[in-house]
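The values are calculated or read from the model by the stated rules, or taken from the named source; none is laboratory data. Just so it is clear, the structure is predicted and the values come from calculations on it, not from any experiment. Here the Cβ is made from the backbone with ideal geometry for all residues, glycine too, and neighbour counts use every protein chain on show.
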Amino acid sequence: TGRQNEYKYFKPWLGESVFTTSHVTWKTKRKEFYSYFNSKTVENSICVFEHHADHFTKALKYHSEIEQDFDVYTSVESFAMDVICEIALGVQNNSHMKVTKIQHNIEEIVKIIMWRVTHPLYRNDFFYKFTQKYRDSEEMSKYCRTFIQGVIDRTKLKTRESLTLKDAISFVDYMCCINERHTPISDEEMQSELLSTMFAGLDTMTSSISFLLYNLGKYPEIQEKVYNEIESNIDFDCNLTVQCLNGLKYTDSVIRESLRLFPAAPLVARVTPDDITLNGKSYPAGTSFGVSIYNAHRNPKNFANPEEFIPERHNEVRSIENNNSYNFIPFAPGVRACKGNKIAEYEMKTLLVKMLKLYKIQLKDDYEPDISWDVVLKPYNGVWIKLKPRSTSPGVVITAVFYLFTYYKQKFSLGKHDKLIVGPPTIPILGNALEFIGIGAEVSNPDDIEAILTSSKVLEKSNDYYMFESWLGGGLLISHGPKWHSRRKILTHAFHFKILDDFVRVFDLKADVLVKQINKHLNGPAFDVCPYVTLYTLDVICETAMGIKMDVQTNSDSEYVRNVVEWMPQAKRHDYLVDRIQQFTMKVIDTRRKEFESKSEINQNTIVNPDDEDAEIGVKKRYALLDLLLAAKQDGQPLTDDDIREEVNNFMFAGHDTTTSAIEFLLYNLAKYPEVQKKVFEEIVEVMGTDTDEPITLHKLNNLHYLDLVLKESLRLYAPVPMINRQVREDVELNGKLYPAGITIVVFIDGMHHDPKYFKDPEMFIPERHAAIKNADTKNPFSYVPFAAGFRNCIGQKFAQYEIKSVISKLLRHYEFTLGSDDFKPVLKPELILKPGNGINLKIKPRVY
């Protein structure tokens, strides 16, 4: 039988290859070309797998150090691309940039092909050739073939000089040798076979490895059995061989079980060229068959308890003589079976050996893959795992003993209070021992939260915040005691309404730049708005905090911008990045101080005096937080440069990521609820008019009452800071509960905001609920605390609200926002600041008045 008609859509790209050709031509090509995939090639490939697996595991070290969830799918894809390029093309890392472009082109071409298959009109070549997708596909296909041709030309030259069939390592070596010494093969044929091999090998291997890692993370007891087998059979001081990998029998079964549940090719199609009788049934010429491998693998007639992950079942299958071998066909069956299946199996085993030697794989909480049914089965939402380094060194043991001692010392001191404290759930026998590193009480009741946040005895931030000390020093975010009180008093005046009025002009000017930056996406496909919002908020914070115009939205390559944007996710480069940020900040402070000291006109009438509420702000110049700090005194003495640096960096940190998060999720909610967006737009027009160039003022922003409600509802559903921690330094009783010294109190803001006890229909977006809350005398105001509350509430919350309202009112006057796709949902990334892990994909249309 031949391939089904749908495969014809690959021909403009892959040509007449083994993957696409008819059964007559296929037999000749398969015999001629695919003798390459033999046991010798497998043996030669092990060193390639091992080399790239070593690079892969080293690249993952960063993720194991920070122990945060990450999507491993993209890393696996790069590994698979490196391997297939070296085996198929003999191309190594020196061609990395071009390989990356080919990888991108392969992915995009497949997407276009799947689009054709699902759109009947464009299955017709006549209509398809009028589309932009056709032109894009032709351009990408041409690039791929040009690159492949370059590889062929270089290999032919090498073949003429010395290479023989016996010496052939890569697939292109093998074909060039056949061409030179046996059967002539055209360059076009070679291009087609090499592209087909890359296409077939890239996506299938990425899918298979990714789902295998998912299953190992999901079933830790199976992962440990695989690790124990690897440790027993593999000498890590020696190179891997086919023989030592053959000894991993249980690992074989685990790989087979993963392929059973998640076959890379879930469906294969065939068409009969002639009338044919199969298994007693007659089929006329032209009949199309769809062989659902996915369903066969999950059919209870073929496998008992098919949805369960049971590797041992494959030992039983091999030993049952009457078991139909076609029950398990992950590499497709019969005469058109995948010739690279052995290479694939050894590639997976090699990577598994290298990964489990170094890391334990854990699955992200509540993660389940969303299956994407394309040509290859893929996890639409990625594969989210966490890595923990494997280590049994004495230092680790000593550290563990120390923490256990600390835990039990604290635990016994807390015993008399156990029934009075809200804490994590206990485990039989172990109790809370698994949480010994951070003993805490989680609180999400408004009355408890009010008692905690308004208590003068629980003002100190928890120890977790001290990870920021190298950058933020002893600034307002981390400090406590007299230093915190003194700094808080100074900085409160930075957010006087007169200064905020001046800052609104900055918000407005930077929003104008943002409007221009995203205009290129007008009426275009969906785009991720997050990078644009990030640069907007950084642009604002640079000018309002330090008084300098960085123009980061149009100059995102500046060193300071790169360092700030990279700092949070790049813990690996922490010291270097912090050092560069500190140097830049100190340089700005030094320059600004010299200006401050040299200008006699800068006095208490033009610089904010913290003790003068009626001082004229910004009459001669727009001032920044830095100017206020230069003029301020603490205990009668000016603040040192280090003092000022601490507070500037605190403001940069606290005011950048939080506001970015709030704006991103607000845009998502406006796009998701068009009727709400329409009401917000109508209010903006009513207050500001139809002139999109009309400057925004503080007075106008104060009149956007419905936008206020919408912003509040967005902050309720997506609080930028989902939880805040407080450290208890002495025994304290709050709201009838005892909190002993040493405990960490976790105020779970997000949990409270989504609790039906405090918000009816909490998952629904209802802005009007906040108008009702405002008028309800019985409602505890601490049930809604997106900016925290009490003594340590967010000092810049008004600043943030005006910045958000400014940019939203500007954007909505220019554009109408819609979701990138009807089913788009942000994947929440609960770090210190809540972020959309998959971005915010939106479309924009011009606003019609």
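A few comments on the model shown:
- Restricting region 360-375 to residues that are in contact with a Lys or Arg (Cβ under 6 Å, 6 or more places away or on another chain) and buried (at least 16 other Cβ atoms within 10 Å of the Cβ), the residue that is farthest from Ala269 (Cα to Cα) is Lys360.
- Any hit, region 252-270, residues being more than 19 Å from Ala344 (Cβ to Cβ), touching a residue at least 24 places away in the same chain (Cβ under 8 Å) and not β-branched (Val, Ile, Thr): yes
- Those residues of region 676-706 which are of a type in the set (S, T, N, Q) and either out of contact with any helix residue (DSSP H, G or I) (no Cβ under 6 Å at 6 or more places or on another chain) or free of Cβ contacts under 8 Å to residues at least 60 places away in the same chain (or both), in sequence order: Thr690, Thr697, Asn702, Asn703
- Evaluating Ala776 against the criteria (1) modelled with pLDDT under 95; (2) over 30 Å from Asn650 (Cβ atoms); (3) outside any loop (DSSP other than H, G, I, E, B) leaves one unmet condition, (3).
- Residue check: Glu67 meets all listed conditions (1) more than 16 Å from Ser210 (Cβ to Cβ); (2) modelled with pLDDT of 80 or more; (3) touching a strand residue (DSSP E or B) at 6+ places or on another chain (Cβ under 7 Å) but one, namely (2).
- Set Pro284, Pro263: member being on the phi < 0 side of the Ramachandran plot and exposed (fewer than 13 other Cβ atoms within 10 Å of the Cβ): Pro284
- Considering region 724-743, and only residues there that are in contact with a Gly (Cβ under 8 Å, 6 or more places away or on another chain) and among the hydrophobic types (A, V, I, L, M, F, W, C), the residue that is nearest to Glu460 (Cα to Cα) turns out to be Val728.
- Hits in region 795-825 - residues which are crowded, with 19+ Cβ neighbours inside 10 Å, out of contact with any Lys or Arg (no Cβ under 8 Å at 6 or more places or on another chain) and over 15 Å from Val685 (Cα atoms): Gly796, Phe799, Ala800, Gln801, Tyr802, Glu803, Ile804
- Annotation note: of Phe236, Phe199, the sole residue that is within 35 Å of the chain's Cα centre (by Cα), in the same structural domain as Glu77 (by TED's automatic domain parsing), at negative phi and loosely packed, with under 13 Cβ neighbours inside 10 Å is Phe236.
- Looking across Lys810, Lys835, Lys829, one residue alone is of a type outside the set (Val, Ile, Thr) and part of a helix (DSSP H, G or I). It is Lys810.
- The one condition from (1) surrounded by fewer than 18 Cβ atoms within 10 Å (Cβ to Cβ); (2) under 21 Å from Glu768 (Cα atoms) that Asp693 does not meet is (2).
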